[in-house]
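Asker: Here's a structure for you.
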Amino acid sequence: MLYLTRRSEFSAAHSYRIESWSEEKNRAVFGLCSNPNGHGHDYQLDVTVAGPLNPLSGIVLNIAEVDRVIKEMIETELEGKFLNREHPYFQKHIPTTETMAVYIWKVLETKFGNCKLHKIKLQENDNLYSVKEEGELVQLTRKYHFSSAHRLHSHHLTDEENKKLFGKCNNLYGHGHNYCLEVTVIGEPDPITGMVVNLAELDEIVDREVIKKFDHKHLNLDTEEFKEINPTSENMAIVIWKLLSPHIPSLYKIGLWETQRNYFEYFGPHKGK
């Protein structure tokens, strides 16, 4: 099986509101997104199809055909529209990133002939995207940023072994990174709010349990979590999972960018991706 992904872009406006709710409740649940006049995004859509290799042509599916199907859907249904007001589906379903990914999946699912739709990834902005694959569940990923210093040094190794293994990262005084933390939750979008998780609540939990503890800190010296644990990014991903999982039942994955070249994922002790 081979996988082909094509990227498209479109712009649309929307609002997160339930008209039967009070203004106060809408604001409490949806925050700034509850503005009745709406707001907008430049969306990035990745569509992945899967299929066998055609031995005669050497391709899975004609890219021009993939582009045609996606472009027709975007131009007909999404591009340049205020979704709540102009799209029949989103007049009844709040156009959250999760709900939009579900809808796009439904529209495209049978459009690629002998190839199978494998994945939809819809990115609303640099810090929020949703992934839809086969089944009822949808992933939602929120990105956060913090800056920390650390020294890579294991108490289980000798000084010479640490220097040989970690090199300059074993510097006595430490070094630092601008970390990007990806917190991914999974579930079915709520039939009323369209959300897998309340983003305001998620932000508050991550800020309390992770950002406030680690941002602008020397992990080895200023945090309880890494006084006895070597703060490698691998260990950081596991520690962050342990900090967040008791408060986020739908937690699916921790992703941690240490640099633009180093990325680590942890799916929890029992999810073993």
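The values are calculated or read from the model by the stated rules, or taken from the named source; none is laboratory data. Just so it is clear, the structure is predicted and the values come from calculations on it, not from any experiment. Glycine gets a Cβ as well: all are built from the backbone with ideal geometry, and neighbour counts include every protein chain shown.
Asker: Please determine whether any residue of region 3-16 is in the same structural domain as L122 (by TED's automatic domain parsing), at pLDDT below 95 and exposed (fewer than 15 other Cβ atoms within 10 Å of the Cβ).
Answerer: Among the residues of region 3-16, not one is in the same structural domain as L122 (by TED's automatic domain parsing), at pLDDT below 95 and exposed (fewer than 15 other Cβ atoms within 10 Å of the Cβ), which makes the answer no.
Asker: Could you check region 46-79 and list, in sequence order, the residues that are under 24 Å from the mean Cα position of the chain (by Cα) and assigned to a loop (DSSP other than H, G, I, E, B)?
Answerer: Passing the criteria: L78, E79.
Asker: Would you check if there is a residue in region 102-111 being within 22 Å of the chain's Cα centre (by Cα), outside any helix (DSSP H, G or I) and under 26 Å from G255 (Cα atoms)?
Answerer: No - not one qualifying residue is present in region 102-111.
Matching residues to (1) more than 24 Å from Q139 (Cα to Cα); (2) touching a Leu at 6+ places or on another chain (Cβ under 6 Å); (3) not assigned by TED's automatic domain parsing to the domain that holds N178:
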| position | (1), (2), (3) |
| --- | --- |
| A200 | no, no, no |
| V206 | no, no, no |
| K217 | yes, no, no |
| F226 | yes, yes, no |
| S233 | no, yes, no |
| W241 | no, no, no |
| K253 | no, no, no |
| G268 | no, no, no |
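Asker: Hey, another quick one. Which of the residues belonging to region 126-137 are in contact with a strand residue (DSSP E or B) (Cβ under 8 Å, 6 or more places away or on another chain), in a loop (DSSP other than H, G, I, E, B) and under 19 Å from Y252 (Cα atoms)? If you could, list the steps in order and put the result at the bottom.
Answerer: Residues of region 126-137 that are in contact with a strand residue (DSSP E or B) (Cβ under 8 Å, 6 or more places away or on another chain), as a first pass: 126-134, 137.
Applying the additional criterion that residues be in a loop (DSSP other than H, G, I, E, B) yields 126-127, 133-134, 137.
Listed by number, the residues that qualify are N127, E133, E134, L137.
Asker: In addition: Condition first: surrounded by fewer than 16 Cβ atoms within 10 Å (Cβ to Cβ) and touching a residue at least 24 places away in the same chain (Cβ under 8 Å). Now tell me which residues in region 29-40 satisfy that.
Answerer: Within region 29-40, G31, H39, G40 qualify.
Asker: Identify the single condition in (1) closer than 22 Å to N84 by Cβ; (2) free of Cβ contacts under 8 Å to residues at least 24 places away in the same chain that G58 does not satisfy, given that it satisfies every other one.
Answerer: (1)
Asker: Looking at L243, L202, L256, L251, which one is closer than 14 Å to H177 by Cβ, buried (at least 17 other Cβ atoms within 10 Å of the Cβ) and either at pLDDT 95 or above or within 19 Å of the chain's Cα centre (by Cα) (or both)? Write out each step before concluding.
Answerer: Details: L243 fails: closer than 14 Å to H177 by Cβ; L202 fails: closer than 14 Å to H177 by Cβ; L251 fails: closer than 14 Å to H177 by Cβ.
Every option except L256 fails the conditions.
Asker: Here's a follow-up. Counting residues that are closer than 23 Å to T99 by Cα and in contact with a helix residue (DSSP H, G or I) (Cβ under 9 Å, 6 or more places away or on another chain), which helices (runs of 4 or more DSSP H) fully inside region 159-243 reach at least 1? Step through it out loud before you land on a result.
Answerer: Details: elements: 159-166, 199-206, 219-222.
Here the list reads 199-206.
Asker: Taking the condition of being within 20 Å of N37 (Cβ to Cβ), touching a strand residue (DSSP E or B) at 6+ places or on another chain (Cβ under 7 Å) and exposed (fewer than 14 other Cβ atoms within 10 Å of the Cβ), how many residues in region 70-125 meet it?
Answerer: 2
Asker: OK, next. Please specify each residue of region 220-251 satisfying the condition of being aromatic (F, W, Y) and touching a Phe, Trp or Tyr at 6+ places or on another chain (Cβ under 7 Å).
Answerer: Result: W241, single match.
Table: residues versus (1) of a type in the set (F, W, Y); (2) within 30 Å of H14 (Cα to Cα); (3) under 13 Å from the mean Cα position of the chain (by Cα); (4) assigned by TED's automatic domain parsing to the domain that holds L244.
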| site | (1), (2), (3), (4) |
| --- | --- |
| L152 | no, no, no, yes |
| D159 | no, no, no, yes |
| K163 | no, no, no, yes |
| F166 | yes, no, no, yes |
| N171 | no, no, no, yes |
| G174 | no, no, no, yes |
| E182 | no, yes, yes, yes |
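Asker: Cβ-Cβ below 6 Å, separation at least six or inter-chain, first residue in region 145-161 and surrounded by 15 or more Cβ atoms within 10 Å (Cβ to Cβ), second among the hydrophobic types (A, V, I, L, M, F, W, C): which pairs?
Answerer: F146/I211; F146/F214; S148/F214; S148/L219; H150/L219; L152/F166; L152/C169
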